[in-house]
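The values are calculated or read from the model by the stated rules, or taken from the named source; none is laboratory data. This structure is a prediction, so every number in the text was calculated from the model and none was measured. For neighbour counting, all protein chains shown are included, and Cβ atoms are generated from backbone atoms with ideal geometry for every residue, glycine included. Side chains included, ligands, DNA and RNA excluded: accessible areas come from the protein's heavy atoms. Shrake-Rupley method; radii C 1.70, N 1.55, O 1.52, S 1.80 Å.
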Amino acid sequence: MPRPASKEPESGSDRQGIGQGSDQGMLARATGARLWKDHGLLLWAHFLVPPVLAALVVAATFATPVLAGILAAIVLGIAAVSARALMIRLSQTEEARLALTNQLIQSQKLAAIGELSAGIAHEINNPIAIIAQEGEWATHLIGEAEKQCSADFAEVKDSLREVRAQVDRCKNITHKLLDFARKREPVIQDVDVSRIIEDMARLVDKEAAYKNVTLVRSLPQDLPKLRTDAPLLRQVVLNLMTNALHAVSEGGRIEASARADNGFLEISITDNGCGIAPENIDKIFNPFFTTKPPGQGTGLGLSMCHTLVTGMKGEICVDSKPGQGTTFIVRLPR
Amino acid sequence: MDINILLVDDENDFVETMVKRFGIRKMAIDSAKSGQEALAALATKDYDVIILDVRMPGMDGLETLKLIRERAPLTEVIMLTGHASLEAGMQGMNLGAYDYVLKPADFDDLLDKVRKAFERKELNAKARKQGA
Ligand SMILES: Nc1ncnc2c1ncn2[C@@H]1O[C@H](COP(=O)(O)OP(=O)(O)OP(=O)(O)O)[C@@H](O)[C@H]1O
Ligand SMILES: [Mg+2]
């Protein structure tokens with residue numbers, strides 16, 4: 001079974017509002033508050049039958065000791081069974097409550113990180129732009145000075161070039177972050193998922209060929225159209241394919257497939273690459289989590305995929321075996 | 001139904017062929033030879049769909065895309081590329097491009113994408129109007 005992404009799938013409307021209405025309902029369900037509604041009669045029996053029988057035993061003691069003995073045994077038996085049932089129920093609800101609390105904490109954490117980083121990106125965007133401008137101006141001045149005093153400022157120019165390169169890198173990250181935080185309302189169209197997968201696969205094909213990697217498509221002919229946001233889905237598919245391409249080694253294999261089942265359409269991207277270490281699997285959807293060397297990955301890809309898929313009211317899951325490969329599954333309602 | 005289309009590409013032959021082919025279908029399209037020209041055109045007319053080459057001398061396609069998205073957020077952009085560059089593809093999609101077409105573009109394919117992009121633009125415009 002692929003495990004669901006640790007971020008809680010929430011509907012677009014209560015993106016930040018964690019711990020309100022719907023979650024309370026979930027919590028109630030998990031802690032068994034609903035038990036009363038569903039099994040009220042049974043529970044009354046659980047609680048009332050043993051003492052009633054106990055009373056009968058006491059009454060019976062006055063009649064015959066044998067009858068009292070038999071009744072006492074029955075009472076003990078019933079009490080034991082009901083106690084066991086309650087214990088099981090309790091430990092189950094406790095487990096469910098724990099899982100849910102973890103989910104809530106995780107999604108709250110992600111929302112907070114997202115908000116914070118967008119805030120920072122916004123704040124440092126202007127200073128970065130000014131640094132870029134000043135750098136350009138300095139480069140220009142150095143050029144003029146060089147002409148006038150025919151000196152060689154190669155080293156200064158070199159260092160200015162490096163400043164510029166690093167500023168560009170920062171700009172890239174802040175833009176990605178701001179873009180990421182921008183709330184995009186999905187625009188719903190009829191979407192041919194096979195076509196989207198094929199189109200995005202073609203973008204990946206050439207780079208895959210460099211690495212001698214085959215990108216296999218298994219797309220059924222009769223895949224139904226999906227009502228969803230086309231460019232957002234393209235972004236998700238392209239990100240997953242790119243990650244897969246980075247994960248496989250020379251001669252690797254990636255498979256992109258889609259299938260429809262009751263009310264859902266499932267897209268999976270499977271690779272036979274390095275896989276994800278168990279200690280990382282809970283972190284891969286976090287913004288900025290990356291195992292790539294600095295400058296090569298910002299760690300925003302999967303986090304963005306998660307946000308986009310949730311925005312489309314779908315789910316994204318991962319299943320990975322270190323050393324064997326990884327499958328990402330995107331499940332979208334039809 | 002008229003779609004206002006702008007084709008941005010520095011390759012003359014390609015632009016001519018496209019203008020002709022759209023013309024056969026009674027669709028008038030404008031063209032621009034550079035990012036700067038495209039932005040100038042955008043300032044004078046409200047385009048529905050812009051077909052934008054990624055690789056152009058001067059302001060490149062991605063830079064142009066960024067500015068188009070800022071200035072005309074409702075206009076949909078289809079990226080056009082001769083060499084399938086994954087990195088440019090990712091950046092283009094992340095910057096809000098609607099779709100991608102690899103050169104040599106199959107015309108029917110491109111037309112189909114233009115129609116879809118236009119449909120999205122209309123839906124988006126309607127949603128905004130209702131929201132406002
Ligand atoms: N198919 C995969 N196989 C193995 N590991 C993966 C796979 N997909 C993602 N990962 C792991 O998850 C991490 C986060 O992925 P994500 O796409 O969010 O960021 P990134 O690819 O590192 O950087 P970016 O996408 O911003 O360029 C990766 O660094 C990698 O460790
Ligand atoms: Mg990635």
Taking the stretch A:212-244 and keeping only residues that are part of a helix (DSSP H, G or I) and not polar (S, T, N, Q), one is left with A:ALA230, A:PRO231, A:LEU232, A:LEU233, A:ARG234, A:VAL236, A:VAL237, A:LEU238, A:LEU240, A:MET241, A:ALA244
May I ask you to say which residue of A:ASN239, A:ASN272 is within 11 Å of ligand 1 (Cβ to nearest atom), touching a strand residue (DSSP E or B) at 6+ places or on another chain (Cβ under 6 Å) and within 15 Å of A:THR326 (Cβ to Cβ)?
-> A:ASN272
Name the residues in the stretch B:69-101 that are more than 7 Å from chain A (Cβ to nearest Cβ), assigned to a helix (DSSP H, G or I) and not acidic (Asp, Glu), would you?
-> B:ARG69, B:ARG71, B:ALA88, B:GLN91, B:GLY92
Tally of residues being open to solvent by less than 50 Å² (accessible area, probe 1.4 Å) and more than 7 Å from chain A (Cβ to nearest Cβ) across the stretch B:102-124 | 11
Within the stretch A:275-301, tally of residues that are within 26 Å of A:SER257 (Cα to Cα), of a type in the set (A, V, I, L, M, F, W, C) and more than 8 Å from ligand 1 (Cβ to nearest atom) | 2
Just give me the residues in the stretch A:218-227 being open to solvent by 70 Å² or more (accessible area, probe 1.4 Å) and touching a residue at least 12 places away in the same chain (Cβ under 8 Å), in sequence order.
-> A:LYS225, A:ARG227
Within the stretch A:270-320, residues part of a strand (DSSP E or B) and open to solvent by less than 20 Å² (accessible area, probe 1.4 Å) come out as A:ASP271, A:ILE316, A:CYS317, A:VAL318
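Conditions tested, residue by residue: (1) under 30 Å from A:ALA112 (Cβ atoms); (2) modelled with pLDDT under 80; (3) in a helix (DSSP H, G or I).
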residue	(1), (2), (3)
A:MET26	yes, yes, yes
A:HIS39	no, yes, yes
A:PRO50	no, yes, yes
A:ALA55	no, no, yes
A:ALA73	no, no, yes
Kindly indicate whether A:THR270 is over 16 Å from A:CYS317 (Cα atoms), away from ligand 2 (no atom under 14 Å from the Cβ), modelled with pLDDT of 90 or more and β-branched (Val, Ile, Thr).
-> no
Note down all Cβ pairs under 9 Å where the first residue falls in the stretch A:313-333 and is touching a residue at least 60 places away in the same chain (Cβ under 8 Å), the second is aromatic (Phe, Trp, Tyr) and buried (at least 20 other Cβ atoms within 10 Å of the Cβ), and they're at least six residues apart or on different chains.
-> A:ILE316/A:PHE285; A:ILE316/A:PHE328; A:CYS317/A:PHE328; A:VAL318/A:PHE285; A:VAL318/A:PHE328; A:ASP319/A:PHE328
What tally of residues in the stretch A:197-217 results from selecting those that are more than 9 Å from every other protein chain (Cβ to nearest Cβ), more than 17 Å from A:GLY252 (Cα to Cα) and in contact (Cβ under 8 Å) with a residue 24 or more places away in the chain?
-> 1
Search the stretch A:247-262 for residues that are farther than 12 Å from A:CYS274 by Cα and pair each with any residue that is open to solvent by 30 Å² or more (accessible area, probe 1.4 Å) and in a strand (DSSP E or B) when their beta-carbon atoms are under 6 Å apart and the residues are at least 6 apart or on different chains.
-> A:GLU255/A:VAL216; A:GLU255/A:THR270; A:ALA256/A:ARG217; A:SER257/A:SER218
So, in the stretch A:321-334, of the ones that are open to solvent by 40 Å² or more (accessible area, probe 1.4 Å) and on the phi < 0 side of the Ramachandran plot, which residue ends up modelled with the lowest pLDDT?
-> A:ARG334
